[in-house]
Structure formats: structure tokens, C-alpha cells
Amino acid sequence: QINLVKRIESSFSAFKSSLRNLRRYTQNMIDMWEHDAIFICPDIDINKELNREKNFETTHKLCSFEDCANDIRAKIEKLNKNGKNDKGRNREFKHSELLEEYIKLLHKDLNIIVFLCNRWDEYSNDPKLEKFKKELRNTLFDKQRNKAQKLVIFSEAIDTVKAIKLAIETIDDELKVLAVTSVNRSTCETLIQ
């Protein structure tokens, strides 16, 4: 809940992205339940491992849930082999080891999340972003206030950075935008120097 509040404070696009991720993560839990292979692994990004679309982008092959599960099992085994799976905290469970109510609650959560995703997809306008766009030229790049004609904007959310970059580029194609994130930071460091 706290993360969702932070995301909506950042931007509508960041919030909507988080809702979509939450929908996918909840569906992943349901899929694991249905395949009777529930992975609880704090040291492995299970949602990344189960993201078959991303796997296809990198491997160019369609993989099944079982393919993904086998990859996760191999990673757990590697942690075990290297002595990095303290107290077996990364492991696979069967749904018989969990309360039956869990799957009912997951389906209930998924219904709520899908409803929220659909409602938020109806909104394409972000009032804060619109205000930013309106003030960009007249206030933020006012020559009296900003003699260097440079602007640095910080955001915790990559989705917000992308939305701001796109907004600036659509307002004025003469403005040069460098969006630095944790993903491209090392590449951008060489550009700045």
C-alpha cells in the first residue's frame, strides 16, 4: 500500500505500471498454485523468472510454466550448492502445505486489481504532468529564473522519468533531454564526461 501511494504521488503512469505489475504478480501466484509449484524465494526474482514475455524477448523461444519452474529449481539448487540458501529460505512448496483459503483470497485480490487496472486505464491525463508541461517554458526555462537554461529533475520511479522525458520532447523538440536511471546510469556517465 505504501509503495502504491508513493507511485501515485510520483505520476499516474508510475501508478498504473505498478497496478499492472501487481496484477501480473498475483496471476503468477495463482499459476504457481494451479501448477502445484509455489516458489518462495527472497533471493530469486520469481516474478521475473515467470515473465514469459520477457523470457521470449531475451531467448527468442516460447517457454512453458514448467520451463520457468525448472529454471527456478536450478537456481535454488545452485544457491544450495554454493551454501547461499540459509535455512532453506528459497524453496518450493506444494499447495497442500498452504491454507486452502489462500487461493480464494488470491482470486479475490486479482478481481479487485483487474477492476482497478481497467478503471485507471480510462485516465490518460495526469494533472501534475499537465501542470509541469504548462510551466516548463514560461516558468522553469524563464531566462530570468534559469540563466543556465538547465533543469535537473529527480524521481524515484523510472516510469515517471520516462513520462517526463516524453512530455518534454513533445513540448519542444529543441530541448535536449538526458534521462538517467539505474538501468542506463553507466552508459550515461560516459556521455556526461
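What is the diffusion coefficient of segment 70-190 in µm²/s, taking the Kirkwood radius over Cα pairs and the Stokes-Einstein relation at 20 °C with a viscosity of 1.002 mPa s?
For these conditions, the coefficient is 108 µm²/s.
Using a 1.4 angstrom probe on heavy atoms only, work out the carbon and sulfur share of the accessible area of segment 13-79 in %.
Looking at segment 13-79 in its full context, I get 50 percent from C and S.
Rounded to the nearest Å, what's the spacing between the alpha carbon centres of segment 1-63 and segment 134-193? Just the number, please.
First find each Cα centre; the distance between them is then 29 Å.
Kirkwood-based Rg over Rh for segment 100-154 (C-alpha set), two decimals?
Across segment 100-154, the Cα-based Rg/Rh ratio is 1.40.
Can you tell me the accessible area per residue over segment 56-112, all protein chains present, probe 1.4 angstrom, in square angstrom?
78
Any idea what the dipole of the chain comes to, in debye rounded to 20, about its Cα centre with Lys/Arg Cβ at +1 and Asp/Glu Cβ at -1?
780
Take Ile2 and Lys84, extend 7 Å from each Cα along the Cα→Cβ direction, and tell me the distance between the two endpoints in nm.
2.7
Sorted from largest to smallest, which semi-axis lengths in Å does the alpha carbon gyration tensor of segment 14-66 give for its equivalent ellipsoid, taking the root of 5 times each eigenvalue?
So the three semi-axes of segment 14-66 are 18, 16, 11 Å.
On alpha-carbon atoms, Rg over Rh for segment 1-127 using Kirkwood Rh?
My calculation puts Rg/Rh at 1.02.
At most 15 other Cβ atoms within 10 Å and a DSSP loop assignment: could you name the trypsin sites (Lys or Arg not before Pro) in segment 1-68 that fit?
Answer by residue number: Lys61.
Under DSSP H, which helices of the chain have Cα atoms covering 18 Å or more of the helix axis and a Kyte-Doolittle average no less than 0.5?
What comes out of the filter, once short or polar helices are dropped, is 158-171.
On full extension of the chain, what length is gained from Glu130 through Asn118, given 0.36 nm per residue of separation minus the C-alpha to C-alpha distance?
2.1 nm
Just going by the charge dipole of segment 1-45, with Lys and Arg at +1 and Asp and Glu at -1 on Cβ, which of Tyr25, His35, Phe15 is farthest out on the positive end?
Phe15
The values are calculated or read from the model by the stated rules, or taken from the named source; none is laboratory data. All figures in this text were calculated on a predicted structure; none of them were measured in a lab. Glycine also receives a Cβ, built like all others from the backbone with ideal geometry; neighbour counts cover every protein chain displayed. When the accessible area is computed, the model is the full protein with side chains, heavy atoms only, and any ligands, DNA or RNA have been set aside. Shrake-Rupley method; radii C 1.70, N 1.55, O 1.52, S 1.80 Å.
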